[in-house]
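Only the coordinates and a few stated rules stand behind these numbers; no lab work does. Only a predicted model underlies this, so the values are computations on that prediction, with no experimental measurement involved. Glycine gets a Cβ as well: all are built from the backbone with ideal geometry, and neighbour counts include every protein chain shown.
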Amino acid sequence: GAAGLIPEVGRRKYSESGKQTPEQSENFLNEFELRLLNMFGLKRRPNPSKLAVVPQYMVDLYHMHSVNGDHNTKRPRNMGKHAERAASKANTIRSFHHEESMEALASLKSRTTQQFFFNLTSIPGEELITSAELRIFRDQVLGGTSPPTSSNNSTGAGLHRINVYEVFGAPSSPEGEPLTRLLDTRLVQDSLSRWESFDVSPAVSQWASGGRRNHGFQVEVVHPGEGGDARSRNRHVRVSRSLHQDQDSWPQARPLLVTYGHDGRGDGVLHTREKR
Amino acid sequence: QATHRKQRRKQQKASCKRHALYVDFSDVGWNEWIVAPPGYHAFYCHGECPFPLADHLNSTNHAIVQTLVNSVNSNIPRACCVPTELSPISLLYLDEYEKVILKNYQDMVVEGCGCR
């Protein structure tokens, strides 16, 4: 059963039934195997390593959206409104971590930029992506600024602006910046630990449909005001492993791209049926 | 009367209906890539479709006629006991590229059985 979806016992029983020649049996079993894989939308049997990470957000979505009857779990924390709407129409929700080997981190005095690339080639052509969110974890600044008050809010201390751009072209010169367009932006307080959800639907739906080439995202964190330790403030938004001190928790704190799509078969994931 | 009741009970017992079937993913080795749920109640349909077909057996006009013909000519088989209503389940799993996917699969759970 390690190679395919049909358990070895079932395979052996069918082969030994003697109704077919061994060759015919093998052909029938292989055809059935293909139907099973097609049913699940797979090309081959998944064989995940023990190190494979299941994002907690996906587990929360499962408990919330599952049509299996377990609707006790509340909406995942910090789920974007656009994502909630998208989940009700989608029948497939996929999550992606970025390719760390292709990231480009740059840090200036009051600005940190990070370029991400998410490999979306595993999305099948027949799946229509209706929405996508980029989720970024920001951790409370320890030993940094105190919780914002009305006075320091007004000066910008304790606040960050996070801008998410789509990269659509290489820089014109080697030291230049890539061509980008703004997708979403938010002003956040650095005294809170939470996930931020950014709507990146326009870019991802175009990448998935082949309408535009995927050059990735650029996330820019602007640190206005002068308060706090500059180094700790840079570490506040967890856009790179190098900005995350605890390596064990990085797999669950790293940026996550979530796509919401429909393959044309059946209802949405959030579709609830009446209890019989 | 007691014999009749016994016969009726036996007939009801054997007539087409939904039966419990829990599919445990670890039994087929799929628990290695399906994260949740660990298994699900799939149910199955089994039983006779006897003449005359009762209302609750969700029969089609064709099944009623086929059963009628069977009652006079046993070469024609009775109608089959099959799922007449199915519902989806959601699976959280890792695909062949180790990407985590939450997907809704149609027609995985038998909600109702009937003679067709």
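Check which residues have an amide H placed less than 5 Å from residue A:4's amide H, if you skip close sequence neighbours.
For residue A:4, whose amide H was placed from the backbone, there are no distant partners under 5 Å.
Convert each backbone phi in segment B:103-116 into a coupling constant with the Karplus relation 6.51 cos²θ - 1.76 cosθ + 1.60 (shift: θ = phi - 60°), then list the ³J(HN,Hα) values in order as whole Hz, x for Gly and Pro.
Karplus-based 3J(HN,Hα) across segment B:103-116 equals 9, 9, 10, 6, 6, 9, 10, 7, 9, x, 10, x, 9, 10 Hz.
Cα centroid distance between segment A:115-133 and segment A:187-207, in Å?
The two parts, judged by their Cα centres, are 16 Å apart.
Give me a single rounded figure for A:90-99: the average over its residues of other chain Cβ atoms within 10 Å of their Cβ.
Taking all residues of A:90-99 together, the mean is 4.
So for A:42, B:57, fewest C-beta neighbours within 10 Å to most, what's the order?
A:42, B:57
Residue by residue, what Karplus-based ³J(HN,Hα) values in Hz, rounded to whole numbers, does segment A:48-56 have, using 6.51, -1.76 and 1.60 with θ = phi - 60° and x for Gly and Pro?
With the stated coefficients, segment A:48-56 comes to x, 6, 5, 8, 4, 9, 9, x, 4 Hz.
In a shell of Cβ-Cβ distance under 10 Å around residue A:55, excluding residue A:55 itself, what net charge do Lys and Arg (+1) and Asp and Glu (-1) give?
+1
Going by C-beta contacts inside 10 Å, put B:22, A:57 in order with the fewest on the left.
Listing B:22, A:57 from fewest to most nearby Cβ atoms yields B:22, A:57.
Please list the non-local residues whose amide H lies under 5 Å from the amide H of residue A:184, H modeled 1.01 Å from N, same-chain partners needing a gap of 5 or more.
Amide H to amide H, under 5 Å and 5 or more residues apart or across chains, residue A:184 pairs with A:164.
Taking every residue in B:101-114, how many Cβ atoms of other protein chains lie within 10 Å of its Cβ, on average?
The per-residue average across the peptide is 6.
Along the charge dipole of segment A:92-137, pointing to its positive end and built from +1/-1 on Cβ of Lys, Arg, Asp and Glu, which listed residue (A:134, A:96, A:122) has its Cα farthest out?
A:134
What's the average, rounded to a whole number, of partner chain beta-carbon atoms within 10 Å of each residue's beta-carbon in A:118-125?
1
If we sort A:193-201, A:115-123, A:47-55 on the protection proxy, mean other Cβ atoms within 10 Å, highest first, what's the order?
Most protected by this proxy first, the peptides run A:193-201, A:115-123, A:47-55.
Using the Karplus equation 6.51 cos²θ - 1.76 cosθ + 1.60 (θ = phi - 60°), what ³J(HN,Hα) coupling, rounded to whole Hz, does each residue of segment A:31-46 give in order, writing x for Gly and Pro?
5, 5, 4, 5, 5, 4, 4, 4, 4, 8, x, 10, 9, 8, 5, x
Tell me, how many Å apart are the Cα centres for segment B:77-116 and for segment A:9-56?
The two parts, judged by their Cα centres, are 18 Å apart.
Determine, for A:130, B:60, the number of other Cβ atoms within 10 Å of each Cβ, and report the residues in order from fewest to most.
With the sparsest Cβ surroundings first, the list reads B:60, A:130.
For helix B:61-72, report the angle its Cα long axis makes with the longest principal axis of the Cα atoms of chain B; keep it between 0 and 90° and round to the nearest 10°.
50
Could you state the angle between the C-alpha long axis of helix B:2-14 and the longest principal axis of the C-alpha atoms of chain B, as a value from 0 to 90 degrees rounded to the nearest 10?
In chain B, helix B:2-14 runs at an angle near 40 degrees to the longest axis.
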